[in-house]
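See structure below.
The values are calculated or read from the model by the stated rules, or taken from the named source; none is laboratory data. Source: prediction; values computed, not measured. For neighbour counting, all protein chains shown are included, and Cβ atoms are generated from backbone atoms with ideal geometry for every residue, glycine included. These area figures cover heavy atoms from the full protein model, side chains too; ligands, DNA and RNA do not enter into them. Shrake-Rupley method; radii C 1.70, N 1.55, O 1.52, S 1.80 Å.
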Amino acid sequence: MKTNNITEDKNSFNKDFFKDLTVLYIEDDETLSANVRNIFEALFFKVISSSNGIVGLNNFKKSLETNNKIDIIISDINMPKMNGIELLQKIREYDKDIPFIFTTAHSDTKYTLESIKHGISDYIIKPIDVQTLVNNMQKVYQERANQISIENSHKKLTQQNKELESKVESEIKKKRRARTSYIPVLKDGYHE
């Protein structure tokens with residue numbers, strides 16, 4: 001089904017994947033924003049909408065202050081007050097890894113290179129195909145989730161390694177004490 005330059009097909013992705021996620025959606029086109037937001041609200045736990053980069057940045061900062069974590073950001077590039085590239089730069093000052101996808105009507109190489117420089121996760125050309133956008137959101141968020149899982153496993157293994165090293169060191173000290181405590185007994189017990 002095609003409505004207002006948005007193609008909707010919700011059957012080709014895992015709906016359960018999104019049910020606990022919060023998305024920050026920044027779009028200055030009110031009609032497009034309303035249409036995409038309606039679709040997102042059916043998929044995500046929470047959708048925070050912003051009409052420009054400044055409002056988007058303030059919503060992101062507020063989420064950090066209130067511990068209401070945003071899981072993924074979708075933003076237009078060309079917006080009034082603060083464009084998407086400037087927003088991406090500011091967001092990266094707070095979170096260098098949060099998945100961030102640009103939507104834009106332009107395939108400008110300058111924007112593409114600048115966004116890559118600042119760690120964009122993906123880039124979608126308008127008109128937005130919601131199926132493609134949602135599939136890409138799932139892909140980039142899954143990559144981030146995998147990265148977090150690897151980092152957590154690394155931390156856990158590092159902690160377990162430290163605990164094992166401590167146990168080994170403790171056992172070595174016990175053995176040394178036990179060995180040195182037998183030496184005087186042997187010396188005292190041995191007479192010619």
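In summary, the aspartates and glutamates within cross-link reach of Lys62, defined as a Cα separation below 16 angstrom excluding same-chain residues under 8 places away, comprise Asp71, Glu93, Asp95.
Among the GluC sites (Glu not before Pro) within region 84-115, which fall in a DSSP loop and have no more than 10 other Cβ atoms within 10 Å of their own Cβ? Can you show the working numbers first?
Details: sites: Glu86, Glu93, Glu114; in loops: none.
Those that pass, being in a loop and sparsely packed, number zero.
Amide H contacts of Thr103: Ser75, Asp76, Ile77, Ile124, each under 5 Å away and 5 or more positions distant or on a separate chain (H built 1.01 Å from N in the peptide plane; Pro and chain starts excluded).
Taking 0.36 nm per residue of sequence separation and removing the Cα-Cα distance, the Glu169/Thr66 pair yields an extension gain of 32.7 nm.
As a test of reading the structure, rank Ser63, Ser121 by solvent-accessible area (1.4 Å probe, protein chains only), most first.
Per-residue accessible area, sorted high to low, gives Ser121, Ser63.
Remark: region 58-70, residue by residue, has Karplus-estimated 3J(HN,Hα) of 4, 5, 5, 4, 4, 5, 5, 5, 9, 6, 9, 4, 8 Hz, where x stands for each Gly or Pro and the curve is 6.51 cos²θ - 1.76 cosθ + 1.60 at θ = phi - 60°. Straight Cα distances below 28 angstrom link Lys61 to the lysines Lys15, Lys19, Lys46, Lys69, Lys81, Lys90, Lys96, Lys110, Lys117, Lys126, Lys139, Lys155, with same-chain residues fewer than 8 positions distant left out.
Listed values for region 17-30 are Karplus-derived 3J(HN,Hα) couplings in whole Hz (6.51 cos²θ - 1.76 cosθ + 1.60, θ = phi - 60°), namely 4, 8, 4, 10, 9, 10, 10, 9, 10, 10, 8, 8, 7, 4, and x replaces Gly and Pro. Shape call for region 47-91 from the C-alpha gyration tensor, a ≥ b ≥ c root eigenvalues: rounded (a/c under 1.5), prolate (a/b greater than b/c) or oblate? The shape class here is prolate. Lys175 exposes around 140 Å² of accessible area when a 1.4 Å probe is run over every protein chain in place. Between Thr112 and Lys162, the FRET efficiency from the beta-carbon distance, with R0 = 45 Å, is close to 0.55.
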